[in-house]
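Take a look at this one; I'll ask things after.
Derivation of every value follows stated rules applied to the coordinates shown; laboratory data play no part. All values reported here derive from a predicted model rather than from experimental measurement. Note that each Cβ is placed from the backbone with ideal geometry, even for glycine, and that neighbours are counted across all protein chains shown.
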Amino acid sequence: MAGWNPQVGPPGWTAQQAYTPPVIPPHDHTRGLSPFGMPARHSWEIPLLVVVVVITFFAYLYALIELIFGDSINDYLLLLLLAPLILWFGRGTNYATMRINGVKMSPTQFPEGYRMVQEAAARLGMKQAPDAFVITGNGQINAFASGHGFRRFVVVYSDLFEISGAARQPDALAFIIGHEVGHIAAGHVSYWRQLGMFAVPFLPILGSSLIRSQEYTADNHGYCNRHVGAPGAMQTLAAGKYLNTLVGFDEMADRAPQEKGFFVWIVNALSSHPVLTWRMWALRDRSRHGKLFLRPDMPMRPPQPPAGFPPYGGHPQYPTGGHPQQQPFPPGGYGDTTQFQRPS
């Protein structure tokens, strides 16, 4: 076995495409909601973050005062006092679990996903791509990003891949990976940020709204990375990897302004992620940030894309109201990036 090329595989393996550095598609450096520039943060993220950090700071201060001058310490005060250690220990054990149990993506293990991570990091302006691991999903559709110390990593559940490590819908997987890498690029997995947000679980509506705004921000990153994968990703979240093609993306998004009532509002307000109909609406209507508190309404005329670019998905230029049908990927190759290139 000595001397074999790890980019091709050991003798007897099916030949794999040699890894090449990612090609960064041309894009504008301005930040916004267009897939042709750099991703913008959700408009509510920073204001909510400031409020939560201030509340968390005073909670820490109160716990410290009670420790020094108080007569007794209850479980909640003890939790706040030990928050730095608890968070550090939890992040460390999570990272160690991935390192010893997860399959680390590489040019020879899940090469398609590995390249997607490299491309997403390059597209989003990161100097170094995070590590990426695959763990068994047991039927669950999920992925997440985290970190420990200066290290950052992405975890993708195996059900987002099919047999032999090839994704059933490469565009959808590229959107999801772009979303998770976006959490890292936006600083959401920073130790100090998470320490400043330690009070989030104890702040109903306010805490969940901050997390929702971060998810919208990560969606903006995923959209910039592979905007044509947004419908497939949402369809998979809605109905799973086998029935996703039965989901009408536009039909489901159209229900966002139609579903009304107090309980619709409260379910969204208490959710850590935007509810799917609102999330689909936000990914389709790129003229504004996704709705955080009030349901979407009928959109104004969306801004037109830059000269020479195709119209945005979901706009009236497509008779069906949806995204155009994508051409299949070339045999043996990972995602075609030509959709990002300006016409000559």
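For ILE86 and GLN128, what is the calculated FRET efficiency with R₀ set at 35 Å and r taken between the beta-carbons, to the nearest 0.05?
After rounding, the FRET efficiency stands at 0.80.
Related question: Among the lysines, select those whose C-alpha is under 21 Å from the C-alpha of LYS127, and discard any that sit fewer than 8 residues away in the same chain.
The reachable lysines, counting only those whose Cα sits under 21 Å from LYS127, are LYS104.
For ILE46 and ARG99, FRET efficiency with R0 = 41 Å and r from the beta-carbon atoms, rounded to 0.05?
On the way: r = 33 Å, r/R0 = 0.80.
After rounding, the FRET efficiency stands at 0.80.
Run the paramagnetic zone check for HIS29: 7 angstrom along Cα to Cβ, then residues of region 95-127 with backbone nitrogen under 18 Å.
122-127
List every residue whose amide H lies under 5 Å from the amide H of ARG31, counting only residues 5 or more places away in sequence or on a different chain, with H placed 1.01 Å from N in the peptide plane.
Placed amide hydrogens put MET38 under 5 Å from ARG31.
How big is region 64-129 by Rg and Dmax over its Cα atoms, in Å?
Answer for region 64-129, Rg first and Dmax second: 20.4, 60 Å.
Also, I was wondering about something else. Under 17 Å from the Cα of LYS260, which aspartates and glutamates turn up, not counting those fewer than eight places away in the same chain?
In chain and number order, the partners are GLU251, ASP297.
Just grab the label-to-label distance for GLN109 and MET298, each label 7 Å out from Cα along the Cβ direction, in nm (one decimal).
5.4
Taking 30 Å as R0, compute the FRET efficiency from the Cβ-Cβ separation of LEU64 and PHE150 and round it to 0.05. Before the final figure, lay out the partial values.
Numbers: r = 28 Å, r/R0 = 0.93.
Rounded to the nearest 0.05, the efficiency is 0.60.
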